[in-house]
Amino acid sequence: MATPIDLHDVAQFEHVPLPHSCSIPGSVPARFRNQARLDPGLGSGSVPEPGSARLGSAPDRPRTGPAPGLGPAGRADHSDRPRGTGRSHRIRGGAGHTSGLSPAGWAAPSPPVSVVVVSRRNPRTLLESVTRGRFLLTGWPWRALAHLLTTPPVALACAATLGLLAMPWLFLLSRGTELARLPLGVLAFLLVLGAVLLAGFGPLVAVPLGGLERVRLRLVDSRPVTSGHRTPSAPDPWSWFRTRYTEPATWLALGYAALMATVALLLSCAMLALLLLIGVLVASPLLVGSGEGTISIGIAEVDTVGQALPYALLGLALLVVVPYPMALLAGAHGLLARALLAGGTHVRLRTELVEVSRSRARLVDAFEAERRRIERDLHDGAQQRLVSLTLQLGLARVEIPAGSPGAAAVADAHEQAKVFMMELRELIRNIHPKVLTDRGLPAAVRDLADQSAVPVTVDAELPGRLPNAVEATAYFVVAEALTNIAKHSGGTAARVWLRQRNDLLTLEVRDDGRGGADPGLGTGLTGLADRVAVIDGRMLLSSPPGGPTLLRVELPCSRNDP
């Protein structure tokens, strides 16, 4: 199959049946005929991908009589062409007719194809409109002029504000050659003072300027634009300042403000001066004819209408040409504003990632709270009733004579109740151990070491309680690791080491077994890694053949977190 042709200005697609042997009428523009191609494998229900146009086969659609939409000479009838922006051409035909075009329709059946009709969409930016043929007849030149006229006032206000903040630097620049005579301490003080003023108060100028420029950007770019600033975590001023001064969007806006106060101001004033000169050239015959005598038109002096007329013709010619450089300047300004002030893909992805991390943390907290609730309900409810039932069965077992018919059944029920009570206690411990809630992670790890089939040495020094999610994750990592050591390692001793440094909990489990642990051979280690990753931790494993095996887990935490 041929590769689809990439069309950047496709606005809509339309399929209409047409015989293979029928040529596209000459009334269709040549660019549409060149963009169409034959593809017998395309069905009528297929819609080409955006950016491509092609011809494909369509199912037969019986039709008798002349083909609708075709005139007596076989020309396409455009009376039903849709109105609106862009150009759209509709070619209608039918299956079950001959290959020749005549007033009577098609003479013989032929395999049908479908025609994809493409219409051009309107330009969305000023730079796109410059490449179109009827640029001067659209509203884009006037939008470029509006953007150009509003740039100097904004740039002057920005330059005045930033100039006050950069006054120490401007003072140093004004000294010129005398700068070398200043004491080194004074020079360093002025440089640091200017940097502090710009960094401290510059964002207060850049943030509102960015908002204003995003509004002005709509003059030269009709695409949606969003702010790259994050939403503060709280409505208080401190949260606003902390968010604004720690996000990249603020400093990008400050860089844009510096460019606005320098480069944009100079270029816009130069373009306005050019427009003023063109206006004087065009009006020069009127100025001379009003009896003003000799006048200067910028590039020459004239004193008669005959002398001014060539300059007026030059001004009229420049009026046709000047919208293009004006549009290029305004369009480049718009590109710079979008690049520095709009929230791009990376900003949106970063925001979504932060939201996903926060939602994941909320889910983890809710999951741990639900585990504790289930553990509490089982411990205070089902376990207590089971203990009462076991006691009643024990009393009944004592009171019933040994040789009676029901003695064996009661004794068997009593034993089953005791086994079930032990299993329920183990289940409650696995859901959320009570010792972890009451006494913390070190005591819970020592309790696991006491129950382990392999001798375990515990070295745990923590300054205090940790967040609930961190304690639960560390506990179950130790529990799973000790279970794996007892089942698979063949080791004779194990060691658990716990430390917290700079809001990072480090957990190590080491054994002297045969080693060779491979996460790909089972889901145990993979499940541990997934559980650690839920709270943004990481797990490292070293298990060479022959041992020893070292499992290291690092969990971010803070004692102030819940």
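The values are calculated or read from the model by the stated rules, or taken from the named source; none is laboratory data. None of the values given here were measured: they were computed from a predicted structure. Glycine also receives a Cβ, built like all others from the backbone with ideal geometry; neighbour counts cover every protein chain displayed. Accessible surface areas use protein heavy atoms only, side chains included; no ligands, DNA or RNA. Shrake-Rupley method; radii C 1.70, N 1.55, O 1.52, S 1.80 Å.
Rounded if a/c is under 1.5, else prolate if a/b beats b/c, else oblate: with a ≥ b ≥ c from the C-alpha gyration tensor eigenvalues square-rooted, which is the stretch 235-331?
On the way: a/c = 5.06, a/b = 3.55, b/c = 1.43.
Prolate is the answer for the stretch 235-331, as a/c is 1.5 or above and a/b outweighs b/c.
Which whole-Hz ³J(HN,Hα) couplings does the stretch 243-260 yield from phi under the Karplus relation 6.51 cos²θ - 1.76 cosθ + 1.60, θ = phi - 60°, glycine and proline marked x?
Once θ is set to phi - 60°, the couplings for the stretch 243-260 become 5, 5, 7, 10, 10, x, 4, 5, 6, 5, 5, 5, x, 5, 5, 5, 5, 5 Hz.
Would you calculate the separation in nanometres between label points at residue 514 and residue 273, each defined as 7 Å from the Cα along the Cα-to-beta-carbon direction?
8.7
Could you give the length gained by full extension between residue 186 and residue 438, i.e. 0.36 nm per residue of separation minus their alpha carbon distance, to one decimal place?
On the way: separation 252, 0.36 × 252 = 90.72 nm, distance 6.20 nm.
So the chain would gain 84.5 nm between residue 186 and residue 438.
Starting from the amide H of residue 512, placed 1.01 Å from N in the peptide plane, find each other amide H under 5 Å away whose residue is 5 or more places distant or on another chain.
Distant-sequence amide H within range of residue 512: 492, 493.
Solvent-accessible area per residue for the stretch 151-236 at a 1.4 Å probe radius, Å²? Each step should come with its number before you reach the end.
Details: 4900 Å² over 86 residues.
On a per-residue basis, 57 Å².
Tell me whether the stretch 147-264 comes out rounded, prolate or oblate; compute the Cα gyration tensor, take square roots of the eigenvalues as a ≥ b ≥ c, and use a/c under 1.5 as the rounded threshold. Walk me through the numbers before you get to the answer.
Working: a/c = 3.38, a/b = 1.49, b/c = 2.26.
Since a/c reaches 1.5 but b/c is at least a/b, the shape of the stretch 147-264 is classed as oblate.
HN-Hα J couplings of the stretch 207-219 from phi, Karplus 6.51/-1.76/1.60, θ = phi - 60°, integer Hz, Gly and Pro as x?
These are the phi-based 3J(HN,Hα) values: 5, x, 4, x, x, 5, 5, 5, 6, 5, 4, 5, 5 Hz.
Can you pull the one-decimal nm distance between simple spin-label points at residue 446 and residue 536, each 7 Å off the Cα toward Cβ?
3.2
List the residues whose amide H sits under 5 Å from the amide H of residue 227, counting only those 5 or more places along or on another chain, with H placed 1.01 Å from N in the peptide plane.
Here the answer is 343, since their amide H atoms fall under 5 Å of that of residue 227.
Say each of residue 335 and residue 241 gets a label point 7 Å from the Cα, pointing the same way as Cα to Cβ; how far apart are those two points in nm?
A separation of 3.9 nm, rounded to one decimal place.
Collect residues whose amide H, placed 1.01 Å from N in the peptide plane, falls under 5 Å from the amide H of residue 121; neighbours closer than 5 in sequence don't count.
Sorted by chain and number, the residues that satisfy this are 11.
With a probe of 1.4 Å, find how much accessible area the stretch 429-562 has per residue, and write the answer as a whole number in Å².
Working: 6580 Å² over 134 residues.
Result: 49 Å² per residue.
Can you bin the stretch 455-562 into rounded, prolate or oblate? Criterion: square roots of the alpha carbon gyration tensor eigenvalues sorted a ≥ b ≥ c, rounded for a/c under 1.5, prolate for a/b above b/c, oblate for the rest. Walk me through the intermediate numbers first.
Values: a/c = 2.33, a/b = 1.61, b/c = 1.45.
It is prolate, given that a/c is not under 1.5 and a/b is the larger ratio.
In whole percent, how big is the carbon plus sulfur part of the accessible area of the stretch 408-562, probe 1.4 Å, protein atoms only?
On the way: 4100 of 7930 Å².
Percent of accessible area from carbon and sulfur atoms in the stretch 408-562: 52.
Taking 0.36 nm per residue of sequence separation and subtracting the Cα-Cα distance, how much length would be gained by fully extending the chain between residue 501 and residue 402, in nm to one decimal? All intermediate terms of the calculation are to be shown ahead of the outcome.
Numbers: separation 99, 0.36 × 99 = 35.64 nm, distance 6.36 nm.
Between residue 501 and residue 402, full extension yields an extra 29.3 nm.
Once the Cβ-Cβ distance between residue 321 and residue 212 is put in as r, and R0 is 35 Å, what FRET efficiency do you end up with, to the nearest 0.05?
On the way: r = 31 Å, r/R0 = 0.88.
That gives a FRET efficiency of 0.70.
How large is ³J(HN,Hα), in whole Hz, for each residue of the stretch 545-554 in order, when computed from phi with the Karplus curve 6.51 cos²θ - 1.76 cosθ + 1.60 and θ = phi - 60°, using x for Gly and Pro?
3J(HN,Hα) across the stretch 545-554, in whole Hz: x, x, x, x, 10, 10, 10, 10, 10, 10.
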